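Undergrad: Next up is a structure, given as structure tokens.
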Amino acid sequence: MACKDCSNAVLEEARQIVKEVGSEPEKVIPLLQEIQKRHSYLPDDLVEAVADVMEVPASNIYGVATFYSQFRFTPMGKHLIKVCKGTACHVSGANLLTAAICDELDVEEGGTTEDMLFSLETVACLGCCSLAPVVMIDNKVYGKLTSSKVRKIVKEYKDGKH
Amino acid sequence: MENTRVFVGLGSCGIAAGAQDIYDYMDQELKSDNMDLEVTSCVGMCYAEPIVEIEHNGERRRYGYVDKKFADELIESVKTGEFSDKNLIALSDDGKKYLDRQVKIVLENCGIINPESIDEYINADGYKALAICIKEYKPEEIVSIVKESGLKGRGGAGFLTGLKWSFLAGAKGDYKYLVCNADEGDPGAFMDRSVLEGDPHKVIEGMLIAAYATGAKEGVIYCRAEYPLAIKRLGIAIAAGEEKNFIGDNIMGSDFSFHLHVKEGAGAFVCGEETALMASIEGKRGMPRLRPPFPANSGINKSPTNINNVETYGNVPFIILNGAGAFNKYAFKNSYGTKVFALAGKIKRGGLIEVPMGLTIREIVTEIGGGTSSGHPVKAVQMGGPAGGCIPERLFDTPIDYDSINETGAIMGSGGMVVMDDSTCMVDVARYFLAFTQNESCGKCTFCRIGTKRMLEILTRITEGNGVMEDLDKLEELAGHISKTSLCGLGQLAPNPVLTTIKYFREEYEAHIKDHKCPAGVCKSLITIQVIPDNCTGCTLCARVCPVGAIEGGRKKIHVIDPETCTRCGLCIEACNFNAIEVV
Ligand SMILES: Cc1cc2nc3c(=O)[nH]c(=O)nc-3n(C[C@H](O)[C@H](O)[C@H](O)COP(=O)(O)O)c2cc1C
Ligand code: SF4
Ligand code: SF4
Ligand code: SF4
Ligand code: FES
Ligand code: FES
């Protein structure tokens with residue numbers, strides 16, 4: 001059961017990942033998390049190569065991956081913007097933030113800008129509800145936002161200040 | 001500078017409020033004086049973040065609202081030994097109102113100790129309860145004490161913790177698992193995150209005591225991936241615990257052994273349900289399954305397993321150290337001890353609070369929380385998230401206990417409390433939650449999958465002004481089917497937000513259906529955005545922020561919005577500094 005489309009480099013990386021994380025059935029999610037940590041999404045060839053190394057059908061792995069909203073199947077922009085859509089943020093104007101970001105970056109919810117600089121996602125809650133509305137860019141959380149504040153922050157990222 | 005220590009609260013939301021920047025700044029400034037800043041986590045006064053505490057000769061002062069300018073003052077006072085009385089948030093009237101009614105059992109150390117230091121936890125009587133258990137108690141005695149305390153599961157369902165432990169203790173099998181549910185999926189809640197970030201050792205000690213009492217050999221903390229800081233601090237805490245031989249083989253020289261690790265979730269709300277969570281730990285799709293068999297008989301890898309919530313474990317060391325009586329002296333009806341709540345939404349003082357059972361919702365919202373942030377009348381509080389309901393202001397004298405909250409149609413839930421004022425549309429809130437559960441349904445049960453979709457379509461129709469009165473009956477009928485035929489709590493409780501809003505806010509539904517009006521001005525199809533000519537100064541700001549170019553008018557001219565082009569995004573309203581744009 002060789003992955004015929006996989007290059008040697010990809011197979012090598014797959015072996016390395018499996019060696020690091022483990023190949024027991026309960027390691028599927030941590031394996032996928034490791035792949036995504038390295039590539040920001042799940043590249044087809046790498047997932048197939050990992051399945052190969054684990055000696056399980058790739059469909060098994062995809063079955064698990066598609067269940068969880070954390071996993072992405074397309075490449076992501078350099079910066080990931082997550083707008084919180086949790087209850088507290090929803091009643092505190094989260095929609096305004098999404099509208100402002102979409103306008104500022106010319107991108108849609110769930111989309112990536114043409115220059116691959118930004119991806120825009122929404123999340124269920126970032127756990128900073130008392131600072132609602134909240135946005136997370138890469139690993140930084142910004143609270144008590146308004147549409148003009150979020151525009152300013154996004155512009156700073158655009159200008160490479162972060 | 002002698003006998004002076006400076007602490008900065010670095011919890012996730014403190015950091016989001018700017019506490020890390022304050023830390024870096026003060027650290028830089030004080031380094032030259034050979035002073036090291038110390039780190040704590042969140043004291044729960046989120047509304048006043050960033051927070052800096054200064055201890056001098058054993059006296060601790062808590063300063064809030066610290067910006068760079070105020071940080072300069074604090075740095076100066078550290079150097080001179082003369083301390084400012086400004087922004088002392090624990091002593092101000094506001095702060096006293098916020099703190100006086102609280103009783104801190106689970107949150108006792110949060111924001112006080114350094115969560116990354118096991119020694120500070122030990123100095124605060126940490127791991128003492130575990131030592132007492134190992135040295136003085138037989139496992140079954142611990143189960144009895146926890147039973148007697150009346151502690152109920154804080155993850156939502158409120159099952160008696162001691163009783164649950166007795167099932168695992170009595171289960172057949174050599175290898176038993178213990179799970180800590182830190183999936184905290186309820187949007188608008190952050191109790192578990194704050195506890196794990198602020199005092200991870202307390203939760204770990206609770207798990208160790210549970211393991212000793214039930215004979216569990218291996219523990220898993222299943223933590224939401226959205227909580228990187230909690231995961232990091234848990235990792236540090238487990239490593240430190242292993243080093244001190246509180247975790248591992250032959251703990252404290254006894255023949256009790258227990259291994260513990262963290263498993264990161266992958267973003268599926270249903271994985272908070274215990275059987276789905278176990279499937280996820282096994283590396284499968286996180287689908288709930290029928291019970292029985294219950295986890296105590298067949299859990300992870302078909303071995304006996306016990307699952308408790310973060311806060312549930314967090315109560316255990318206190319109960320062992322102080323006795324069941326010290327815990328169940330806080331009693332109301334059939335509920336004992338305290339409950340942690342995350343106060344958020346349109347609330348003046350939002351944050352993390354811990355209150356004794358029996359306090360009323362009104363006392364929490366008006367006294368502790370200070371009422372609404374807008375100053376407008378409060379309309380409702382949402383409790384229990386997507387499984388819970390909206391409790392209207394007229395029922396705010398309802399006391400906090402499992403039974404009384406259930407009577408309103410909401411549930412105690414895990415502790416999210418989102419406050420709503422007159423700018424919140426209750427039909428929109430119902431639609432919001434249903435969209436959430438519909439999206440998170442695992443799809444196994446027909447009614448949960450299709451029924452919630454039908455309900456969502458009806459609600460969407462109503463918010464678009466195309467509803468008919470019969471829709472309300474249809475919603476109630478569908479709700480009944482979904483509750484009855486769903487396998488897990490997600491489906492069973494999904495109708496709650498809809499049913500409670502129909503019950504308590506029927507007039508809002510009627511306004512949408514009969515008058516095609518959204519009284520709160522939220523539902524886009526039912527509102528128009530327009531300029532109030534008398535207020536408009538012609539500053540042009542609105543025209544510049546409008547994404548679709550719907551606003552016309554030049555400098556110093558009264559602006560006009562074209563209703564055909566306007567998408568009612570609301571950006572111009574927020575941008576206008578002259579209150580010149582209104583929703584009608
Ligand atoms: C859809 C769904 C989501 C849940 N999410 C959580 C959660 O995030 N955290 C939690 O502790 N319990 C959650 N629960 C409840 C758990 O199934 C379980 O009852 C709980 O973890 C038991 O712990 P306790 O007895 O200490 O409350 C959820 C239940 C359902 C049905
Ligand atoms: S009730 Fe819904 S979420 Fe629960 S098992 Fe059935 S389909 Fe899945
Ligand atoms: S922002 Fe307000 S004041 Fe300025 S032009 Fe627009 S409506 Fe008029
Ligand atoms: S609500 Fe949005 S689309 Fe409409 S005029 Fe204002 S900014 Fe433009
Ligand atoms: S609701 Fe947005 S951070 Fe929780
Ligand atoms: S500031 Fe820490 S929980 Fe909010």
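Undergrad: Applying the selection to region B:552-584, what residues are within 7 Å of ligand 3 (Cβ to nearest atom), without any contact (Cβ under 8 Å) to a residue 40 or more places away in the chain and under 23 Å from residue A:107 (Cβ atoms)?
TA: Of everything in region B:552-584, just one residue is within 7 Å of ligand 3 (Cβ to nearest atom), without any contact (Cβ under 8 Å) to a residue 40 or more places away in the chain and under 23 Å from residue A:107 (Cβ atoms), namely B:575.
Undergrad: Follow-up. Where in region A:1-78 are there helices (runs of 4 or more DSSP H), lying wholly inside it, with at least 1 residues that are at pLDDT 95 or above and more than 23 Å from residue A:123 (Cβ to Cβ)?
TA: Once the helices (runs of 4 or more DSSP H) in region A:1-78 are filtered for at least 1 residues that are at pLDDT 95 or above and more than 23 Å from residue A:123 (Cβ to Cβ), what remains is A:8-21, A:44-54, A:58-65.
Residues checked against (1) surrounded by fewer than 19 Cβ atoms within 10 Å (Cβ to Cβ); (2) within 14 Å of another protein chain (Cβ to nearest Cβ):
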| residue | (1), (2) |
| --- | --- |
| A:15 | yes, no |
| A:22 | yes, yes |
| A:25 | yes, yes |
| A:57 | yes, no |
| A:67 | no, yes |
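Undergrad: Which is over 18 Å from residue B:272 (Cβ atoms) and more than 29 Å from the chain's Cα centre (by Cα), of B:459, B:478?
TA: Step by step, each of B:459, B:478 is checked, and only B:478 is over 18 Å from residue B:272 (Cβ atoms) and more than 29 Å from the chain's Cα centre (by Cα).
Undergrad: Then there's this: Report whether or not residue B:266 is assigned to a helix (DSSP H, G or I) and in contact (Cβ under 8 Å) with a residue 12 or more places away in the chain.
TA: On the way: assigned to a helix (DSSP H, G or I): no; in contact (Cβ under 8 Å) with a residue 12 or more places away in the chain: yes.
Answer is no for this residue.
Undergrad: Okay, moving on. Please go through region B:370-393 and pick out each residue that is open to solvent by less than 20 Å² (accessible area, probe 1.4 Å) and touching a residue at least 60 places away in the same chain (Cβ under 8 Å).
TA: B:380, B:382, B:384, B:385, B:386, B:388, B:389, B:390, B:391, B:392
Undergrad: What number of residues within region B:206-234 are assigned to a helix (DSSP H, G or I) and more than 14 Å from chain A (Cβ to nearest Cβ)?
TA: Initially, region B:206-234 is screened for residues assigned to a helix (DSSP H, G or I), giving B:206-214, B:228-234.
Going one step further and asking which of them are more than 14 Å from chain A (Cβ to nearest Cβ), we end up with B:206-214, B:234.
So the answer is 10.
Undergrad: Got a number for residues in region B:426-438 being hydrophobic (A, V, I, L, M, F, W, C) and more than 9 Å from chain A (Cβ to nearest Cβ)?
TA: 5
Undergrad: Going through region B:540-565 one residue at a time, which ones are surrounded by 19 or more Cβ atoms within 10 Å (Cβ to Cβ) and either within 16 Å of ligand 2 (Cβ to nearest atom) or not in a helix (DSSP H, G or I) (or both)?
TA: Result: B:546, B:550, B:551, B:559, B:561.
Undergrad: So, in region B:235-260, of the ones that are among the acidic types (Asp, Glu) and assigned to a helix (DSSP H, G or I), which residue ends up most open to solvent (accessible area, probe 1.4 Å)? Give the derivation first.
TA: In the first step, residues of region B:235-260 are kept if they are among the acidic types (Asp, Glu); the result is B:242-243, B:249, B:255.
If we keep only those that are assigned to a helix (DSSP H, G or I) too, we end up with B:242-243.
Working: B:242: 92, B:243: 164 Å².
Among those that are among the acidic types (Asp, Glu) and assigned to a helix (DSSP H, G or I), it is B:243.
Undergrad: Considering (1) open to solvent by less than 10 Å² (accessible area, probe 1.4 Å); (2) more than 14 Å from residue B:314 (Cβ to Cβ); (3) not β-branched (Val, Ile, Thr), say which one residue B:206 fails and leave the rest.
TA: Of (1) open to solvent by less than 10 Å² (accessible area, probe 1.4 Å); (2) more than 14 Å from residue B:314 (Cβ to Cβ); (3) not β-branched (Val, Ile, Thr), only one is false for residue B:206: (2).
Undergrad: Now for a different question. Consider region B:155-194. How many of its residues are in contact (Cβ under 8 Å) with a residue 40 or more places away in the chain, away from ligand 6 (no atom under 16 Å from the Cβ) and in a strand (DSSP E or B)?
TA: Final tally of qualifying residues: 5.
Undergrad: Looking at this structure, is residue B:364 farther than 27 Å from residue B:48 by Cα and in contact with a Phe, Trp or Tyr (Cβ under 9 Å, 6 or more places away or on another chain)?
TA: Against the criterion (farther than 27 Å from residue B:48 by Cα and in contact with a Phe, Trp or Tyr (Cβ under 9 Å, 6 or more places away or on another chain)), residue B:364 does not qualify.
Undergrad: Turning to a different aspect of this structure: Do we find that residue B:484 is open to solvent by 70 Å² or more (accessible area, probe 1.4 Å), within 16 Å of ligand 1 (Cβ to nearest atom), closer than 30 Å to residue B:388 by Cβ and not small (Gly, Ala, Ser) in this structure?
TA: Against the criterion (open to solvent by 70 Å² or more (accessible area, probe 1.4 Å), within 16 Å of ligand 1 (Cβ to nearest atom), closer than 30 Å to residue B:388 by Cβ and not small (Gly, Ala, Ser)), residue B:484 qualifies.
Residue-wise test of (1) open to solvent by 70 Å² or more (accessible area, probe 1.4 Å); (2) modelled with pLDDT under 95; (3) among the hydroxyl-bearing types (Ser, Thr, Tyr); (4) touching a Lys or Arg at 6+ places or on another chain (Cβ under 9 Å).
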{"position": "B:58", "(1), (2), (3), (4)": "no, yes, no, no"}
{"position": "B:71", "(1), (2), (3), (4)": "no, no, no, no"}
{"position": "B:74", "(1), (2), (3), (4)": "no, no, no, no"}
{"position": "B:86", "(1), (2), (3), (4)": "yes, yes, no, no"}
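Undergrad: Next question, about the same structure. Just need a number here: residues in region B:334-348 that are open to solvent by 10 Å² or more (accessible area, probe 1.4 Å) and at pLDDT 95 or above.
TA: Number of matching residues: 5.
Undergrad: Among strands (runs of 3 or more DSSP E) lying entirely in region B:334-390, which contain 2 or more residues that are within 22 Å of residue B:197 (Cβ to Cβ) and of a type in the set (A, V, I, L, M)?
TA: Result: B:338-345, B:351-356.
Undergrad: Is there a residue in region B:31-38 that is surrounded by fewer than 18 Cβ atoms within 10 Å (Cβ to Cβ), away from chain A (no Cβ under 14 Å), at positive phi and polar (S, T, N, Q)?
TA: Checked region B:31-38: at least one residue is surrounded by fewer than 18 Cβ atoms within 10 Å (Cβ to Cβ), away from chain A (no Cβ under 14 Å), at positive phi and polar (S, T, N, Q).
Undergrad: Okay, next question. From the residues in region B:406-430 that are in a helix (DSSP H, G or I) and under 22 Å from residue B:374 (Cβ atoms), which one is most open to solvent (accessible area, probe 1.4 Å)?
TA: Step by step, filter region B:406-430, then rank; the result is B:428.
Undergrad: Separate question: Taking the stated definitions as given, is residue B:23 open to solvent by 30 Å² or more (accessible area, probe 1.4 Å), within 29 Å of residue B:189 (Cβ to Cβ), at pLDDT 95 or above and away from ligand 6 (no atom under 13 Å from the Cβ)?
TA: Against the criterion (open to solvent by 30 Å² or more (accessible area, probe 1.4 Å), within 29 Å of residue B:189 (Cβ to Cβ), at pLDDT 95 or above and away from ligand 6 (no atom under 13 Å from the Cβ)), residue B:23 qualifies.
Undergrad: While we're looking at this one, here's another question. So for region B:250-265 (the condition being within 14 Å of chain A (Cβ to nearest Cβ) and within 16 Å of ligand 2 (Cβ to nearest atom)), does at least one residue qualify?
TA: Looking through region B:250-265, at least one residue is within 14 Å of chain A (Cβ to nearest Cβ) and within 16 Å of ligand 2 (Cβ to nearest atom).
Undergrad: Then there is this: Could you say whether any residue in region B:56-63 is of a type outside the set (D, E, K, R) and in a helix (DSSP H, G or I)? Steps first, answer last, please.
TA: Initially, region B:56-63 is screened for residues of a type outside the set (D, E, K, R), giving B:56-58, B:63.
After this cut, where a residue has to be in a helix (DSSP H, G or I) as well, the list is none.
So far as region B:56-63 goes, no, none of its residues is of a type outside the set (D, E, K, R) and in a helix (DSSP H, G or I).
Undergrad: Can you confirm whether residue B:440 is out of contact with any strand residue (DSSP E or B) (no Cβ under 8 Å at 6 or more places or on another chain) and away from ligand 5 (no atom under 16 Å from the Cβ)?
TA: In short, no.
Undergrad: Looking at region B:575-584, which of the residues that are open to solvent by 70 Å² or more (accessible area, probe 1.4 Å) and modelled with pLDDT of 95 or more is nearest to the other protein chains (Cβ to nearest Cβ)?
TA: In the first step, residues of region B:575-584 are kept if they are open to solvent by 70 Å² or more (accessible area, probe 1.4 Å); the result is B:577-579, B:584.
Within this subset, residues satisfying the condition of being modelled with pLDDT of 95 or more are B:577-579.
Details: B:577: 11, B:578: 15, B:579: 15 Å.
Among those that are open to solvent by 70 Å² or more (accessible area, probe 1.4 Å) and modelled with pLDDT of 95 or more, it is B:577.
Undergrad: Follow-up question, since we're still on this one. Considering B:519, B:533, B:495, which residue is under 23 Å from residue B:475 (Cβ atoms), away from chain A (no Cβ under 13 Å) and either surrounded by fewer than 22 Cβ atoms within 10 Å (Cβ to Cβ) or within 16 Å of ligand 5 (Cβ to nearest atom) (or both)?
TA: B:519
Undergrad: Does residue A:135 satisfy being modelled with pLDDT of 95 or more and not acidic (Asp, Glu)? I'd like the intermediate steps shown before the answer.
TA: Working: modelled with pLDDT of 95 or more: yes; not acidic (Asp, Glu): yes.
Judged against the criteria, residue A:135 is a match.
Undergrad: Restricting to region B:269-279, what's the tally of residues that are within 11 Å of chain A (Cβ to nearest Cβ) and either of a type in the set (Ser, Thr, Tyr) or buried (at least 23 other Cβ atoms within 10 Å of the Cβ) (or both)?
TA: The initial filter retains those residues of region B:269-279 that are within 11 Å of chain A (Cβ to nearest Cβ), namely B:269-271, B:276, B:278-279.
The next check asks that each one be either of a type in the set (Ser, Thr, Tyr) or buried (at least 23 other Cβ atoms within 10 Å of the Cβ) (or both); those that pass are B:269-271, B:276, B:278.
Matching residues across region B:269-279 total 5.
The values are calculated or read from the model by the stated rules, or taken from the named source; none is laboratory data. Given the structure is predicted, the values throughout are model-derived calculations rather than measurements. Using ideal geometry, Cβ is built from the backbone for each residue, glycine included, and neighbour counts are taken over all protein chains shown. Areas reflect the complete protein model, heavy atoms only, side chains present, ligands, DNA and RNA absent. Shrake-Rupley method; radii C 1.70, N 1.55, O 1.52, S 1.80 Å.
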